[in-house]
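Heads up, the thing below is written out as C-alpha cells.
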Amino acid sequence: QVQLVESGGGLVQAGGSLRLSCAASGIMFSFNTMGWYRQAPGKHRELVAQITSGGSRNYADSVKGRYTISKDNAKNTLYLQMNSLKPEDTAVYYCHILTPSYYNYWGQGTQVTVSS
C-alpha cells in the first residue's frame, strides 16, 4: 500500500523559510514524476513544483526563484525548500506522485501559513 506523509509545514512570517518533506512507502521514487501542489481556501489545487524521474524540474511562475524541489531516491523522500515566503503562499501543500501508468497518489497535506 502506497503512503505519502508530508511534514514541515507551520506558521512563518513573511520573508521566512520552510522546508517540506514527503516520505513515501510502498512505491519506488526512481521511475515516477513527483510534485508538490497547494490549495488555498476557496481556490483550486495548483501545481507548485514538479520533478521527473530524470531530474527535470518545473515550477509555477509564482514560486520561481523562491522554491526548490528535490528528492532523495535512497530515502524515498521528496523535499520542497521554500524561501522568501509571502502571505499568498498560505495554503495546504500536498505531495503527489504520478506513475508511468498515470496513476496518482496524494499525501494528506500539510498546512503552511505565512503571516504578514
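The values are calculated or read from the model by the stated rules, or taken from the named source; none is laboratory data. What you are looking at is a predicted structure, and each value in this text was computed from that prediction instead of being measured. Cβ placement follows ideal geometry from the backbone for every residue including glycine, while neighbour counts extend to all protein chains displayed. Only protein heavy atoms, including side chains, enter the accessible area calculation; ligands, DNA and RNA are left aside. Shrake-Rupley method; radii C 1.70, N 1.55, O 1.52, S 1.80 Å.
Would you be able to tell me the number of residues in segment 13-27 that are farther than 15 Å from Ile97 by Cβ and outside any loop (DSSP other than H, G, I, E, B)? Outline the logic, then answer.
Taking segment 13-27 as the starting set, the residues that turn out to be farther than 15 Å from Ile97 by Cβ are 13-19.
If we keep only those that are outside any loop (DSSP other than H, G, I, E, B) as well, we get 13, 18-19.
Residues meeting the conditions: 3.
Could you please find all residues in segment 1-39 being farther than 13 Å from Asn76 by Cβ, out of contact with any Leu (no Cβ under 8 Å at 6 or more places or on another chain), surrounded by 14 or more Cβ atoms within 10 Å (Cβ to Cβ) and not charged (D, E, K, R)?
Within segment 1-39, just Gln39 meets the criteria.
Is it true that some residue in segment 95-115 is open to solvent by 50 Å² or more (accessible area, probe 1.4 Å), among the small types (Gly, Ala, Ser) and touching a helix residue (DSSP H, G or I) at 6+ places or on another chain (Cβ under 6 Å)?
Checked against the condition, which is being open to solvent by 50 Å² or more (accessible area, probe 1.4 Å), among the small types (Gly, Ala, Ser) and touching a helix residue (DSSP H, G or I) at 6+ places or on another chain (Cβ under 6 Å), segment 95-115 yields no hits at all.
Residue under question is Leu47, and the condition is that it be open to solvent by less than 50 Å² (accessible area, probe 1.4 Å), closer than 21 Å to Leu98 by Cβ and touching a strand residue (DSSP E or B) at 6+ places or on another chain (Cβ under 9 Å); does it hold?
Details: open to solvent by less than 50 Å² (accessible area, probe 1.4 Å): no; closer than 21 Å to Leu98 by Cβ: yes; touching a strand residue (DSSP E or B) at 6+ places or on another chain (Cβ under 9 Å): yes.
Considered against the rule, which asks whether it is open to solvent by less than 50 Å² (accessible area, probe 1.4 Å), closer than 21 Å to Leu98 by Cβ and touching a strand residue (DSSP E or B) at 6+ places or on another chain (Cβ under 9 Å), Leu47 comes out as no.
Can you say whether Gly54 is surrounded by 15 or more Cβ atoms within 10 Å (Cβ to Cβ) and either out of contact with any Ser or Thr (no Cβ under 9 Å at 6 or more places or on another chain) or under 11 Å from Thr33 (Cα atoms) (or both), as far as the supplied structure shows?
Numbers: surrounded by 15 or more Cβ atoms within 10 Å (Cβ to Cβ): no; either out of contact with any Ser or Thr (no Cβ under 9 Å at 6 or more places or on another chain) or under 11 Å from Thr33 (Cα atoms) (or both): yes.
Answer is no for this residue.
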